[in-house]
Amino acid sequence: MVRDGYYYAFAFLAAALLAGWLAGPAWSLPPIVLAAFFLWFFRDPERAVPDAAGTVVSPADGKVTDISTTRVGGIERIRISVFLNVFDVHVNRSPIAGVISDIRYQKGKFSNAMGAASAEHNEQNIVTVDGGEGNVVFKQISGLLARRIVFTKRLGDRVERGERVGMIKFGSRVDILMDPAAAIRVKVGDRVKGGASIIGFLPGGDMPSRMAAGSEKGLESALPMERSTP
C-alpha cells in the first residue's frame, strides 16, 4: 500500500463519522465507500521481476495503446505507450537496471492521455536510465484526471529492473523509448503489469534464441512505421 492511500482513507473515514453523527448513519456510507476505493487504488502489490540481461519490463500496469517509431533529439526510437485507467495499479517501476542519467520535468496540458498529442504537450516527467546494454527513456505523462506526478529517485541513483520509482495519480500514460534494434515482445491491445511484463529486449541482451530468430519479422508487424517529430 502506498502511504497516500492511508491519508485519503483516514480523511474520508473521519468525514463518515462526522456525517453519521450530524445527519444519521445513512450519510456515512458515501465517504466509507470512497475510503475503501482509495485504499484499493493505492495498492502496491509485489511483482516477480524477470532477471535475463537486456530485458525491458513495463514501467506500469495498463494497456498497450501504441507501438511506433519517433525521433527524440534527432535520434530514432521505438515508442511503446501504456495507458493506465483509474482501475490500474499506478505505482511506476524502472524498465531496466542502471543509473539515472537524466530527469527532466516538463509543464504542459492535462488533455486525454490516449491522444497522440499528449506525448509531447501534456505535463510529464522524462527519465533516462543508462544500463549495461544501452539506455531506455520513459515518460510519466499526466492525463485528464492525473494532477500529480511523483518520482522518488534522484539524478545519479542506481535502480534495479522493476524497482519502484514513483507513481502518477488517477489515470495517466507511460511511454517507453528504446533503441530501434530492440526486439518487441508486446502488441497493441496487450495488458501489461509494471515490473513483471516483458515488453522487449535491448540489442545484445539475453533474448531467448526462439525470439531472436523471429524478432525482425515480429518488429515489422508491430510497428506501423509512422514517424513523428516533436
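The table that follows gives values for the structure above.
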quantity: Vicinal HN-Hα couplings computed from phi for region 36-41 (Karplus, 6.51 cos²θ - 1.76 cosθ + 1.60; Hz; Gly/Pro x); calculated: 5, 4, 5, 5, 6, 4
quantity: Sorted peptide list for 130-139, 148-157, 86-95, criterion being average Cβ within 10 angstrom, highest first; calculated: 86-95, 130-139, 148-157
quantity: Residue exposure sequence - Arg164, Arg43 - by fewest surrounding Cβ within 10 Å; calculated: Arg43, Arg164
quantity: Formal net charge of residues neighbouring Asp61 (Cβ-Cβ distance under 10 Å; K, R +1; D, E -1); calculated: +4
quantity: Violating pairs (Cα-Cα greater than 23 angstrom) within the set Lys63/Lys153; Lys139/Lys169; Lys63/Lys107; calculated: Lys63/Lys153; Lys63/Lys107
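Read-outs: derived from the displayed coordinates by stated rules, not from any lab. Keep in mind it's a predicted model, so treat the numbers as computed, not measured. Positions of Cβ are backbone-derived with ideal geometry, glycine not excepted, and every protein chain shown enters the neighbour counts.
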